[in-house]
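Novice: Questions regarding the structure given below will be posed in turn.
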Amino acid sequence: MTLLTLIWLPLLAAPLIYLAGRLAGRAREMALLALLAAWVPFGLLVTARGNAAASFTYGAITLQWDGLALLLTLTALGLGTTVTLYSFWQMAAEPGEEKYYAMLTALIGTMIGLGCARDLFNLWLWFEAMAVTSYLLVAFYREQPASLEAGVKYLLQSAAGSVLVLLGIALVLAETGSLDLAPLPPESSFLLRLAGGLFFIGFGVKAALVPLHTWLPDAHAQAPSGISAMLSGVVIMAGLIALLRVLTLLAGDGPIWGWLLLGFAAANITLGNLLALRQTQVKRLLAFSSLAHMGYMLLGLGVAFLLGSRAGAEGSFFHLLSHALLKGAAFLAVGAFLTIFHTFTQDHRPLLISDLAGASHRFPLVALVLSVAVLGLGGLPPLVGFMSKWQILTASFASQNGWIIALVLLAALNSVLSLAYYTPLVNTMYRHKPAAAFAQATALPISMTLPLALLALAILLLGFWPGLVQGIVNNAAGALFP
Amino acid sequence: MPFWLIILTIVLPWSGAIIVWSVGDHRPQIQHRLALLFSGLAGLCALLLIPLTSDAAAIRLPFGAAAFGDLTFIPDSLGVLLAVIATVIGSLTVLFSNGYMQGEKSLGRYYALVLLFIGSMVGLVLSGSLFFLFLFWEMTALCSYALIAFHSDNPQAVRGGMTALLITQLGGVGLLAGVLAIYAWLGSFDIPTFLAEGGSLPGPVLAAVGFTFLLAAATKSAQFPFHTWLPGAMEAPTPVSALIHAATMVNAGVYLLVRFYPALAGIPGWTTAVILIGLITALMGSLMALTTYDLKRTLAYSTISQLGVMVVAVGVGGIFASQFHLASHALFKALLFLGAGAVIHQVGTRDMRQMGGLWRTMPLVANCFVIGAAALAGVPLLNGFWSKELILETALHNGYPWVYLTLVLTAGLTAAYAVRMVWWVFVGWRTEQFQLLDPGFQVAQFKGIGEALDPVTDSPAPATVHSGSPHPSPQFPFHAPLVILALGTLLSWLIAGEMGHWLAQTLPFHNLHVLPTLELVAEITLNEATLLALMVTAAGMVIWWWRGRILWVWYWFRPLRQAARHDFGFTWLNDRIVTDVKGFAAAWQLTQTGQLNWNMAGIVMALLVILLIIFNW
Amino acid sequence: MILTLSLTVVGLILIGLYGLLAVRNLFKLIITLQILVKGAVLALVIAGETSGRLQLGQSLAVTVIVADTVVAVIALALAVQLKQQSGTVDVGRLDTLKG
């Protein structure tokens, strides 16, 4: 029952938030309240030892709480609450504010549901629900053609992927007569392998595997900054987790799936960094770096699937958490600058790196958070990004396999390359002469700076003490590799 | 007791960093004092560690997951020596900064980074775990980048910082690979375990570890062919240059080689590679130092060259000699940099051609600087002399006559550029003044005075490198660090024997052979190797006075001189690589067309490819 | 019967995939997507039939139709707004976001 409360609380709150916004102009308070309330069943589930609270069955539908669901819920709820608070000031002047909060809350609910889904079709349904809410959020700025363009591209590409997933489901149903997400016998038929390929591409679109990633930079750059943080920090990760759930179905079928993950890892890491290297738009740069970070996670997961070991998956799930923190902080900090910048320019030009010149003088905290976030993304200690990358690379190297070691070196070199586009961002902010937009801007409200400070603190805390989340990460890996 | 001292030595600078930062830039005097307090206390703690050295871990704490190992610190003599150098010389640079950085903006950021840097360096050298060694290694890279690029408005500084970061991080990949290989095959991050059981690794793996560690050391210690970042790092505020060159960053590479020497020396070809890299660097660095006009660059090239000498010392098996020279170098190079900082602060330029005659206006600085330069040149009775001669003797004694001869040649060149530097800055006169008197006046006509060795016709004088505006304060307030360092340079060799004995006590794997100071002195002075080296050094110094007469030699070496002035093409190579990578990235950008049909084609093609792979597996 | 239907599915999918690559009109592209989804719906029904769980297959099909209608409605809404804002429905010209 607790589980059901956790999932449905945000979903049922969504229309209420909309109404509260429409009738009383109180959408944001309502949304924050709903999300804070959702922490209660979450806490109960984490502390509950018995299984009764942690699963729910209705007819053929089963929702089950496990380590992976916990990880996804923690990320979605944590980042979601932060983003909601952060949006208080930023979205206050936007028309359709109440839709924003309603959709954001619903998005969080769908992701929690996705984490708990225990059969293929439910997985698809939650996945589709998550997609629908995120379409609306990406295309939130209805009056901007660029935003609509990004939304349409995102929608059509995701929908194409979703059809492939459906075909895969049909094949699995035809072959096995069951949709349960339980491992299938090792000897796999032609149809099941075909289904595996379809799942890979179908979920891969949402998880932004190269070359299915083309929607991502557009959507991340055009969405409201809070949504960019959610998309990059959680939504593409939800796609990845959906993919992992169906892969456990086929994991008995030899090393092919592990190698495929590793192949995509190489493509994502390399292309993500190369495409980010020459970017001048800050949000687009961060979007491309998400591709690279997805690649690091795929590396650890590929090794885990290949060797059937948990170590790689633990590293990847730690990186999932750390990426959510780092990229969340980065997008939110950039969003703060973007709002100031747009207030100054009175148009919707994208924020260029050079526009950030001297931003640190008027906004030392935001600049510090952004610096910490991008340097952490670049994998420098003592920030959490270093620790999680290290865990992935250690686990991969321990395979003692030449190809994987080569891939580790590629990842490490790419990490160096990524510093070449992160550091100019930092240096630009610490110039002495502030750009016009930042020279006389007013101070930011605490509702905006507090989430940023919290994220930065978490980045530092986990950088010094990665053991804090090892339990969560262990359980998540254990859910995949029992 | 060592437990808390180690914790304090690392945590004091770090907490100082946070506190100085949070004091805020509107209270600069408090920031100055606090930074000095915290770095000084850290220095004190490091000094207190000297009698407490041991080869057992003083700290061992679990760190959460197997992938990180235990947080281990071992206060053995090698680590403590470098920790003392980092904190003591570090706090002297902080003391110097108190005067040098007066009136600068963003002091909080400056001191926070300096303190973070010092703390990270201490962590690096005391760490008993390979993982934390790598962690602190990366942190020093981060700090050096942020400090070199401290003047973010100056594109040169930003460029210098990024070059430093990218090159040292490239080495970081090497260290990462080595550490991961050790973990993958040995199952432990423990450094003593590796030193003891390194031989049990499969041969190719151990060789890979050896050469990746060498790559890491070469990038960090600015060795050939990765030395290009160090001259670029001269854009940093001068106390930071002293910090990087003497106290922290560049010592880390040599430290890495020394620390793992017992495990790696047996790898076929490894010592030869170390010697070759060191020799090439030593020679190249001294040649480049001889041809540059920029005072700080001269010192930077000299650091490169001296580090090369230390690396050679490790290669020929002179572990103690390399550490002795490292300590000497830390003292005299810090002295030289701080002296140069005082000069630059006074004159407002880094171009040596615009200095001259400063002996009269700043005698104390000049005297201290000359002591440092003499130690660099290897003038007898200064610390640089003893340590360099010990390296020369070790090379000869261990059967590397060719190494010895090349090092002697380097010593001669070093003496030459040391004299050249002192002459131009303190003795000669400003060539600038003549140009002011008569704009058409060709400075090149002054053969035999200041410009004969570097005829202006060779290359146009570089634009004046202004490091901020001139500060016309005749009372430069911080002579104390200079005097302390000068005394150290004069006297530190007296405890060489004790230092060696102390080092040998807690390094069970290194098998150091050390002598008491008196025997050491006797052995060095009575050795014919020393005699030849002294003669060459003297010749190098004398050449400066005869430069008018031996001009033909100079012209004969013109191509070499040109090459040296252009950094032997390595800067060009760096730029070329950067341009190519950027071009490659730009080409890939074309794949992001924005065309929906093209995006869909990506999905469909990926589907086809993946199905092909699956069914052909 | 199953074979005919299966071939129909394959046909629909192939038409849909080709359309994704070739159709440049945004509205037609959305219709292409609908063709693909119809193929998938049919596939679910066939799968239910062949595995002996026809009811499951049918209920899945109905659910998919509902879910997909929502997606189609949103897609059409965005497309209409895009046409109003930028005056074109040619996806080849909707390329302001690139690089």
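Values in this text are rule-based calculations from the coordinates and carry no lab data. Computed from a prediction, not measured in an experiment: that's the story for all the values here. Counting neighbours? That spans all protein chains shown, and the Cβs are built from the backbone with ideal geometry, glycine included.
Novice: State, as an integer percentage, the relative contact order of chain B based on alpha-carbon contacts under 8 Å between residues 6 or more apart. Mind dumping the intermediate values first?
Specialist: On the way: 1002 pairs, mean separation 76.8, N = 617.
Across chain B, relative contact order equals 12 percent.
Novice: Mind giving me the nanometre distance, one decimal, between the label points for B:W556 and B:A538, set 7 Å out from Cα along Cα→Cβ?
Specialist: 2.3
Novice: For segment A:329-460, rounded, prolate or oblate, judged on the Cα gyration tensor with a ≥ b ≥ c (square roots of eigenvalues), a/c < 1.5 rounded, else prolate if a/b > b/c? Please report the intermediate quantities before stating the final value.
Specialist: Values: a/c = 3.06, a/b = 2.19, b/c = 1.40.
It comes out prolate by the Cα gyration axes.
Novice: Is segment C:2-86 best put as rounded, prolate or oblate by its Cα gyration tensor, with a ≥ b ≥ c the root eigenvalues, rounded for a/c under 1.5, and otherwise prolate when a/b is larger than b/c, oblate when not?
Specialist: Working: a/c = 5.93, a/b = 1.79, b/c = 3.32.
Taking the square roots of the gyration eigenvalues as a ≥ b ≥ c, segment C:2-86 is oblate.
Novice: Mind checking which lysines have their Cα closer than 16 Å to the Cα of B:K582? Skip sequence neighbours fewer than 8 apart in that chain.
Specialist: none
Novice: Now for a different question. What is segment A:255-482's relative contact order, in percent, from Cα pairs under 8 angstrom and six or more apart in sequence?
Specialist: The normalised contact order for segment A:255-482 reaches 28 percent.
Novice: Remind me, relative contact order of chain A in percent, using alpha carbon pairs under 8 angstrom and six or more residues apart? Could you put the intermediate results ahead of the total?
Specialist: Values: 845 pairs, mean separation 77.7, N = 482.
16 percent.
Novice: Volume per residue, Å³, of the convex hull around the alpha-carbon atoms of the protein assembly as shown?
Specialist: About 172 Å³ per residue, rounded to a whole number.
Novice: Determine, for B:R353, B:R561, the number of other Cβ atoms within 10 Å of each Cβ, and report the residues in order from fewest to most.
Specialist: In order of increasing Cβ crowding within 10 Å: B:R561, B:R353.
Novice: When A:K389, C:K28 are ordered from fewest to most other Cβ atoms inside 10 Å of their Cβ, what list results? Working shown, then result.
Specialist: Details: A:K389 27, C:K28 14.
In order of increasing Cβ crowding within 10 Å: C:K28, A:K389.
Novice: What residues qualify as long-range amide H neighbours of B:D190, i.e. H under 5 Å apart, gap of 5 or more or another chain, H built at 1.01 Å from N?
Specialist: HN-HN under 5 Å from B:D190: B:L130.
Novice: Which is the longest run of chain A containing none of the GluC sites (Glu not before Pro) found in DSSP loop states (not H, G, I, E, B) with at most 15 other C-beta atoms within 10 Å? Please list the in-between numbers first.
Specialist: Values: sites that count: A:E143, A:E187.
Longest gap between qualifying sites, sites excluded: A:188-482.
Novice: Still on this structure, please answer the following. For A:169-180, what's the mean count of beta carbons from other chains sitting within 10 Å of each residue's beta carbon?
Specialist: Other-chain Cβ atoms within 10 Å of each residue's Cβ, averaged: 6.
Novice: Oh, and also: Take B:E104 and B:L518, extend 7 Å from each Cα along the Cα→Cβ direction, and tell me the distance between the two endpoints in nm.
Specialist: 4.7
Novice: So what's the gap between the Cα centers of segment B:224-280 and segment B:309-361, to the nearest angstrom?
Specialist: The two parts, judged by their Cα centres, are 16 Å apart.
Novice: With only Lys, Arg, Asp and Glu charged, each at its Cβ (+1 for the first two, -1 for the last two), find how big the charge dipole of the protein assembly as shown is about the Cα centre; round to the nearest 20 debye.
Specialist: That gives a dipole near 1760 debye.
Novice: Now for a separate question. Provide Rg and Dmax in Å for segment B:183-257, with only Cα atoms included in the calculation.
Specialist: Rg, Dmax (Cα atoms, Å): 15.8, 47.
Novice: I've got another one for you. 5 Å is the cut-off here: which amide hydrogens, built 1.01 Å from N in the peptide plane, fall below it relative to B:D76, excluding neighbours closer than 5 in sequence?
Specialist: When sequence neighbours closer than 5 places are left aside, the close amide H contacts are B:S54.
Novice: Let me ask you something else. In chain A, if the dipole is taken from +1 on Lys/Arg beta carbons and -1 on Asp/Glu beta carbons about the Cα centre, which of A:L291, A:S134, A:V40 is farthest to the positive end?
Specialist: After comparing all options, I get A:L291.
Novice: Same structure, new question: In peptide B:165-173, how many Cβ atoms from other protein chains are near each Cβ within 10 Å, on average? Please report the intermediate quantities before stating the final value.
Specialist: Values: counts 7, 5, 1, 1, 11, 4, 1, 5, 9.
Across the residues of B:165-173, the mean count of other-chain Cβ atoms within 10 Å is 5.
Novice: Can you give the FRET efficiency for A:T345 and A:F464, using 1/(1 + (r/R0)^6), R0 = 30 Å, r = Cβ-Cβ distance, to the nearest 0.05?
Specialist: Computed FRET efficiency for A:T345 and A:F464 comes out at 0.15.
Novice: On to the next question. Hey, with R₀ at 45 Å, roughly what FRET efficiency would C:S59 and B:L48 work out to, going by the Cβ-Cβ distance, to 0.05? Let's see the in-between values first.
Specialist: Numbers: r = 76 Å, r/R0 = 1.70.
For R0 = 45 Å, the calculated efficiency reads 0.05.
Novice: Among the helices of chain B (complete DSSP H runs), which have Cα atoms covering no less than 15 Å along the helix axis and a Kyte-Doolittle mean of at least 1.6?
Specialist: For chain B, where a helix must reach 15 Å along its axis and average at least 1.6, the hits are B:2-23, B:107-126, B:130-148, B:270-291, B:363-377, B:480-491, B:596-615.
Novice: Using Cα atoms only, what is the angle between the long axis of helix A:311-345 and the major principal axis of chain A, expressed in degrees (0 to 90) to the nearest 10?
Specialist: Roughly 30 degrees, rounded to the nearest 10.
Novice: Run the simple label-point estimate for B:I30 and A:A439 please: 7 Å along Cα→C-beta, distance reported in nm.
Specialist: For the pair B:I30/A:A439, the computed spacing is 3.1 nm.
Novice: Can you compute the FRET efficiency between B:F584 and B:N154 using 1/(1 + (r/R0)^6), with r the Cβ-Cβ distance and R0 = 22 Å? Round to the nearest 0.05. Write out the running numbers ahead of the final one.
Specialist: Details: r = 28 Å, r/R0 = 1.28.
It comes out at approximately 0.20.
Novice: Another question about this same structure. In straight Cα distance, which lysines are under 22 Å from A:K327, not counting same-chain residues fewer than 8 positions off?
Specialist: Straight-distance partners of A:K327: A:K206, A:K283, A:K389, C:K98.
Novice: Hey, another quick one. Could you put A:C116, B:C45 in order, starting from the residue whose Cβ has the fewest other Cβ atoms within 10 Å? Mind dumping the intermediate values first?
Specialist: Values: A:C116 27, B:C45 23.
Ordered by Cβ neighbours within 10 Å, fewest first: B:C45, A:C116.
Novice: Shifting gears a bit: From the phi angles alone, apply the Karplus equation (6.51, -1.76, 1.60; θ = phi - 60°) to segment A:73-85 and give each ³J(HN,Hα) in whole Hz, x where the residue is Gly or Pro.
Specialist: Values per residue, Gly and Pro as x: 5, 4, 5, 5, 5, x, 5, x, 4, 4, 5, 4, 4 Hz.
Novice: While we're looking at this one, here's another question. What 222 nm value per residue comes from the helices of chain B, counting each DSSP H run with n ≥ 4 as -39,500 (n - 2.57) and dividing by all residues, nearest 500 deg cm²/dmol?
Specialist: The per-residue figure over chain B is -22500 deg cm²/dmol.
Novice: What fraction of the Cα pairs in segment A:255-482, stated in percent, has a spacing above 32 angstrom?
Specialist: Summing the P(r) tail past 32 Å for segment A:255-482 gives 22 percent.
Novice: A further question on this structure: Mind running the shape call on segment B:157-570? Use the C-alpha gyration tensor, a ≥ b ≥ c as the square roots of the eigenvalues: rounded below 1.5 for a/c, prolate if a/b tops b/c, oblate otherwise. Could you put the intermediate results ahead of the total?
Specialist: Values: a/c = 1.81, a/b = 1.61, b/c = 1.12.
Verdict is prolate for segment B:157-570.
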